[in-house]
Each structure stands twice: as C-alpha cells, then as structure tokens.
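Peer 1: Got a structure for you, written out below as structure tokens; questions coming shortly.
The values are calculated or read from the model by the stated rules, or taken from the named source; none is laboratory data. In this text the structure is predicted, and so the values were computed from the model without any measurement. Cβ coordinates were reconstructed from backbone atoms using ideal geometry, including for glycine residues, and neighbour counts include every protein chain displayed. Keep in mind that these areas ignore ligands, DNA and RNA; they rest on the heavy atoms of the full protein, side chains included. Shrake-Rupley method; radii C 1.70, N 1.55, O 1.52, S 1.80 Å.
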Amino acid sequence: MSRRWIQNPNRCADEYLDGIEDFIEFARRHNPGANRICCPCRRCNNTLWETIENVGFHLVRNGMIETYSIWNLHGEQVDHASSSNAPRVDNVEPIVDPNDQVMGIIQDIFPFASTNINQEGEDDVPTPIDSAEFEQYEKLLKNANQELYPGCESFSVLTAIVELMHGKIKYRMSNLCFDYFLGVFKRMLLTDNCLPKDHKHAQKVLHGLGLGYEKIHACKNNCMLFYKVHETLDTCPICNESRFKMTSQNRTTKIPQKVMRYLPLKPRLQRLYMSTHTATDMKEKQVDDDVMRHPADGEAWKEFDRTFPEFAADPRNVN
C-alpha cells in the first residue's frame, strides 16, 4: 500500500484524507479494544496518547510525521531484510541505561580522556590537554559519578539534570515553570539529595558540555551590533540611542537595552562529527526519490552544487 500521501502538503486533498482513513482502520485492526493509541502527528510525535478519533483530527490539523512510513508503533511488523534503497526509519530504540548515555556524551566531547585511559602504557604520544578543558571534564565526570541521593543507582546528578532539561525543551516549559517543578522534586527526594535548586544552577552543571551562546549587545532600534570595532561604544553611531538602560546611580553593572544571542556554527558542526551517533549521518548519501528529507534535496541546493562543483565536492561541505 502506497504511503506517499504522508508527504502531501495539502492536508485537504482526497489522497491525504483517504490515507488517514487507511491509517485509522489499520490502527483499529492491529490494536483491538484499545481506547487510546500514540498519536503520529507532527506535534505529538508518537509521544502522547490520544483516542483514535482525536488522532484522526490531529493528523488533519497537524499532519503526520513525514518519516513515519512504517507504522511499527501501531502494530506493523518491521521487515529488517528490506532493500537498502528503502528510506531509513528509526524503529523501536533499544533500552539504554541513561547513565551510560551521559557517559557516552562526555566521551564524545572529551575524546582525549578515553584515549589516554585506553592507551595507557602504549608508545603513542599523549594527546595535549588544555587545563581549563580538563577542569571541565573533571567536573562533569564528578557529577556523572555522583549519586542523585545516597543509594540511588538509577540516576546520577548529571543524568537527572540532562533528563529534566530535555523535558523542559521538549515540552516548552518556561524557566519559571521549570524552577517550580525542580523545587518540588527536590523536596520530594531525600534531604541530602544533590539536585540543583533552580534552572540557573542546572545550567552551570551543564556548562561543560559546551554548545553555549555568545551574548552581543545590540542597538535598541536594530541599527547595529556593538561588536568588534564597535564593542567599546556606549551609543549607537547611527541613531545615537544609548547602549544601556537608565539605572540608579548606585548600580555597579550596566544593563544593555537589547541583547542578541549568537550560536556559533563551527563548534556545533564539530560536535556532530565528534559524536559516534551522528558522525555517520553527516555525509549520508541522498536518496533520489523526490521526497524532501533534507535541504540538500531541494532544487535550490542542487542548483548551488551545479554552479559551484568544487565547493560541492569538498568533503568539508556538509550536505
């Protein structure tokens, strides 16, 4: 049965609506008696359970996840011997200890640590280690090995913070909401637990994982950035607007009127190549089947590659 309707952007088309009816019928047939099923719409992302009627409504309103072409979470058997040309579908993930996952992240970020440990006693030249970087590694390792509370084997301090921060981002919690629940969890646990008291302290623990951002002051009227040659200016040379807010005379720190948060690209690309979980996907061959899975599948990207073939052939070109 063709499921090309999933990629149809027109959710009012007969093909798309008929496809939803086929999916609902499939879900009823493979989940007899079930009142709720996981919803594969783009908003619920197979993480929330809804009634079958609501799932159908969600699929019309939000659309189905474009990569969910094998309905394994709704009873379809996955054929592991399928052709290699078929689109890759992430099936049920194996159960992994969250503590092991966090330790894997640390090893990806600080490869020198695992290299030095594994190659101890060999003749290889040791990897030079920056003192500040090694200090960050030691702090992360300490939190990764420290129990959340005495006797807790399921979560370390670092694992708990990573899980909670992941939920905050996934479900779009505000900092105020996150602080409230973090305080509740802290009171629920044993009195000598090591859970941070608020979002600010949780961020400090995760600081060593990198991928932060750079704060750059900006003009209130968006004329310019106080950056590089303009970094020392106190007023905008274009509109003469003050860089800082008016505060009391007793205040020692100045508050900028507007701040831009810059996310550096290079360290993020480096992290993708450093991690064993994402490095293999960085240069994955594209599947030419008229399905948009990546910006590189778009006509604009292909035209750019045709115009600049040398740049497109460069192995450092991420596509």
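Peer 1: Looking for whichever is surrounded by fewer than 16 Cβ atoms within 10 Å (Cβ to Cβ) and not charged (D, E, K, R) here; the options are LEU164, LEU176, LEU148, LEU158. Which one fits?
Peer 2: From the options LEU164, LEU176, LEU148, LEU158, the qualifying one is LEU176.
Peer 1: Please verify whether VAL92 is modelled with pLDDT under 85, part of a loop (DSSP other than H, G, I, E, B), open to solvent by less than 50 Å² (accessible area, probe 1.4 Å) and not polar (S, T, N, Q), treating the condition exactly as stated.
Peer 2: No; evaluated as a whole, the condition is false for this residue.
Peer 1: Are there any pairs, at least 6 apart or on different chains, whose C-beta atoms fall under 7 Å, with the first in region 247-273 and more than 17 Å from ILE105 (Cβ to Cβ) and the second open to solvent by 100 Å² or more (accessible area, probe 1.4 Å) and not in a loop (DSSP other than H, G, I, E, B), and if so, which?
Peer 2: VAL259/LYS215; ARG261/LYS215
Peer 1: Yes or no: LEU195 among the aliphatic types (A, V, I, L, M), at pLDDT 90 or above and out of contact with any helix residue (DSSP H, G or I) (no Cβ under 8 Å at 6 or more places or on another chain)?
Peer 2: In short, no.
Peer 1: Can you report the number of residues in region 238-276 which are at pLDDT 85 or above and open to solvent by less than 80 Å² (accessible area, probe 1.4 Å)?
Peer 2: 12
Peer 1: Which number in (1) out of contact with any helix residue (DSSP H, G or I) (no Cβ under 6 Å at 6 or more places or on another chain); (2) at pLDDT below 75 marks the one condition that GLU138 misses?
Peer 2: GLU138 satisfies every listed condition except (2).
Peer 1: Under the condition of being hydrophobic (A, V, I, L, M, F, W, C) and in contact with a strand residue (DSSP E or B) (Cβ under 6 Å, 6 or more places away or on another chain), which residue from region 222-240 is farthest from LYS254 (Cα to Cα)?
Peer 2: LEU225
Peer 1: Sticking with this one: Anything in region 20-45 that is farther than 16 Å from ASN8 by Cα and open to solvent by less than 30 Å² (accessible area, probe 1.4 Å)? List them, or say none.
Peer 2: ILE24, PHE26, ALA27, ILE37, CYS38, CYS39, CYS44
Quick grid of which residues meet (1) closer than 20 Å to TYR171 by Cα; (2) modelled with pLDDT of 90 or more; (3) assigned to a helix (DSSP H, G or I):
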{"position": "ILE6", "(1), (2), (3)": "no, no, yes"}
{"position": "PRO9", "(1), (2), (3)": "no, no, no"}
{"position": "ASN46", "(1), (2), (3)": "yes, no, no"}
{"position": "GLU50", "(1), (2), (3)": "yes, no, no"}
{"position": "THR67", "(1), (2), (3)": "no, no, no"}
{"position": "LEU73", "(1), (2), (3)": "no, no, yes"}
{"position": "ASP79", "(1), (2), (3)": "no, no, no"}
{"position": "SER82", "(1), (2), (3)": "no, no, no"}
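Peer 1: When you look at PRO98, is it modelled with pLDDT under 75, under 23 Å from the mean Cα position of the chain (by Cα) and either surrounded by 15 or more Cβ atoms within 10 Å (Cβ to Cβ) or farther than 30 Å from CYS41 by Cβ (or both), yes or no?
Peer 2: The answer is yes for PRO98.
Peer 1: Filter region 202-216 down to the residues that are open to solvent by 40 Å² or more (accessible area, probe 1.4 Å) and closer than 21 Å to ARG172 by Cβ, then identify the one that is modelled with the lowest pLDDT.
Peer 2: LEU211
Peer 1: Examine region 165-184 for a residue that is more than 29 Å from the chain's Cα centre (by Cα), of a type in the set (A, V, I, L, M, F, W, C) and farther than 30 Å from ARG271 by Cα, and state whether such a residue exists.
Peer 2: no
Peer 1: Here is a further query. Provide a single number: the residues in region 179-195 that are touching a residue at least 24 places away in the same chain (Cβ under 8 Å) and open to solvent by 80 Å² or more (accessible area, probe 1.4 Å).
Peer 2: Of the residues in that region, 2 qualify.
Peer 1: Every residue in region 163-218 that is more than 16 Å from TYR149 (Cβ to Cβ) and of a type in the set (Asp, Glu), please.
Peer 2: ASP179, ASP198, GLU214, listed by residue number.
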